[in-house]
Structure formats: structure tokens, C-alpha cells
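*Asks:* Encoded as C-alpha cells, here's the structure I'll be asking about.
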Amino acid sequence: MTKPAIILVHGFWGGAAHWGKVIPELARQGYSDLHAVEMPLTSLADDAARLKKMIAQQKGNVLLVGHSYGGAVISEAGNAANVAGLVYIAAFAPDAGESPGGITQGNPPAAIANVVPDSDGYLWVKPDQYRDSFCHDLTEEEALVMAVTQKAPVGSTFGDPVSDPAWKRKPSWYQISSQDRMIHPENQKMMSARMNAKKVITLDASHASLASRPKEVTALIVEAAQSVS
């Protein structure tokens, strides 16, 4: 059984290092072909292009794992022939013509007021509200590091629509965070249900489930990897 390469795709307000607890868990379970793409967060097109380049570098099958906005990116870039499956971690999974912003406006999350633009057009989570908004189930120290190192997207990226979502033709898995204050849990339920995911799990977790519940998140990724092997 050949294990797929696993590419981890971060979302808004954090870079590839947000996968810092999942990566060792995957390695302990024998997954050595691991990659965490670093995206510019300047537009969906730019981010999908960066991911497509990394997908093309892999010799065999690839499992894409997207957190938050990273779900929109894997939906856009995941139609490559060697992509065997998609895993969504508290993530956006827009349909054709939908954007993360449009989905959010239809059902605003609890912390929406804590996302603010700066004078250059980048969106930030208010640093003093970051833990409460993004990762209330992490320690204050962990939240501080995330708040200080947050990677802000260009605001217009939030409105970029997905063109041809890969989840319509690739096997998919989804993890819902029931205490998510950044993507409304009801939106996560809606997106996971319509994609006809092979498996959906719900964790009593914040938006940062990849950091607060890494063992459970890893278990879902491994199950998906085994299914597409």
C-alpha cells in the first residue's frame, strides 16, 4: 500500500506553522512525505496557483488537507489528476461561484466584529481578541504567539469565488468545530452535508482545532490517507 503525499494548507490569520502539532502526529504514524504550503493570501487565484505548483512536484498521489480558508484553496486547486482526496478541517468548501465571504455573510460567526481592515487593505483579527475569536481552547501563551504571528489576507481575497470545486468529484472528509467563532458551525454543517463527505466528525473545539485537538484531526487525515492509498 503506497501512502500518498500529504499537503497541509493553512487558512487566514496563520501560516504553515499552524500545522505544528499535526505534523509530528502524522510522522509518528509513518507519514514521511509531508508538505505544508506557505501561501501569499493575496487572492484565491494566487493561493491556488501556489498550491498547484506544490501538487505538481509530487511523484504520486496527493491528499490535500485544508484548514479554514485553506478549504477554498484545496477546492479550487484539487482537480489535478494526482489529487486522490480532500480533507477539510473547520474549513470553507464553497460551491461554484461562492466565496468564503459570501458564505460568512449568510450566517455570520460570533467573532466577525473582531476582524478589521487596516489602511493597506489587509484584514486582521484584533490582537487582544485573537484568543477569544480564534483559539479560546489554547493556552494564553499559545494564543499570544498566534496573535503576534498572524498572517493577514488581502481583504478582497475573502470575496474571490471558487470556479469548479474539487469536492464534487474527489472523495472528501470534513471536521466540524462545534465551538467555532470564525466560521459558523451551522455553515460547516451545511458545507459538509452537501459535499456528501465520506466521513464527518464533530469536535468540541475552537476554529483552531488543528492546534487544540491534533490527535483527532490527525486520525481523520490518516483515515482519509488510508482510504485513498
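Please treat every number below as a calculation from the coordinates, not as lab data. These figures come from a predicted structure and were not determined experimentally. Here the Cβ is made from the backbone with ideal geometry for all residues, glycine too, and neighbour counts use every protein chain on show.
*Asks:* Calculate I(q)/I(0) for the range 41-80 by the Debye formula, one identical point scatterer on each C-alpha and no solvent, and give its log10 at q = 0.31 Å⁻¹ to two decimals.
*Replies:* -1.14
*Asks:* Another question about this same structure. What value does the chain have for Rg/Rh, both radii from Cα atoms and Rh as Kirkwood defines it?
*Replies:* Dividing the radius of gyration by the Kirkwood radius yields 0.93.
*Asks:* Just to be sure I understand the model, the point goes 7 Å from the Cα along the line to the Cβ. What's the resulting S32 to K126 distance in nm?
*Replies:* 4.9
*Asks:* I've got another one for you. Putting +1 on Lys and Arg Cβ atoms and -1 on Asp and Glu Cβ atoms, find which of S206, Q179, T218 reaches farthest to the positive end of the dipole of the chain.
*Replies:* Comparing the listed Cα positions along the dipole, T218 ranks first.
*Asks:* Order by neighbour count: R213, R181, R28, fewest other Cβ atoms within 10 Å first, most last.
*Replies:* R28, R181, R213
*Asks:* While we're looking at this one, here's another question. So if I place +1 on the C-beta of Lys and Arg and -1 on the C-beta of Asp and Glu, and nothing else carries charge, what would the dipole magnitude of the chain be about its Cα centre? I want it in debye, nearest 20.
*Replies:* 880
*Asks:* Between 0 and 90 degrees, rounded to the nearest ten: what's the tilt of helix 185-194 against the longest Cα principal axis of the chain?
*Replies:* 30
*Asks:* Here is a follow-up. Mind checking which of Y31, V125, F158 is farthest towards the positive end of the range 5-228's charge dipole, using Cβ charges of +1 (Lys, Arg) and -1 (Asp, Glu) about the Cα centre?
*Replies:* Positive-most Cα among the choices belongs to Y31.
*Asks:* Arrange M190, M146, M1 by Cβ neighbour counts within 10 Å, fewest through most, would you?
*Replies:* M1, M190, M146
*Asks:* Whole number please: convex hull volume per residue, Cα atoms of the range 60-121, in Å³.
*Replies:* Given the Cα convex hull of the range 60-121, per-residue volume reads 113 Å³.
*Asks:* Return P(r) of the range 77-189 (all Cα-Cα pairs; 5 Å bins starting at 0; whole %; ordered from short to long distances).
*Replies:* Calculated over all Cα pairs of the range 77-189, the distribution is 2, 11, 17, 21, 21, 15, 10, 4, 0 percent.
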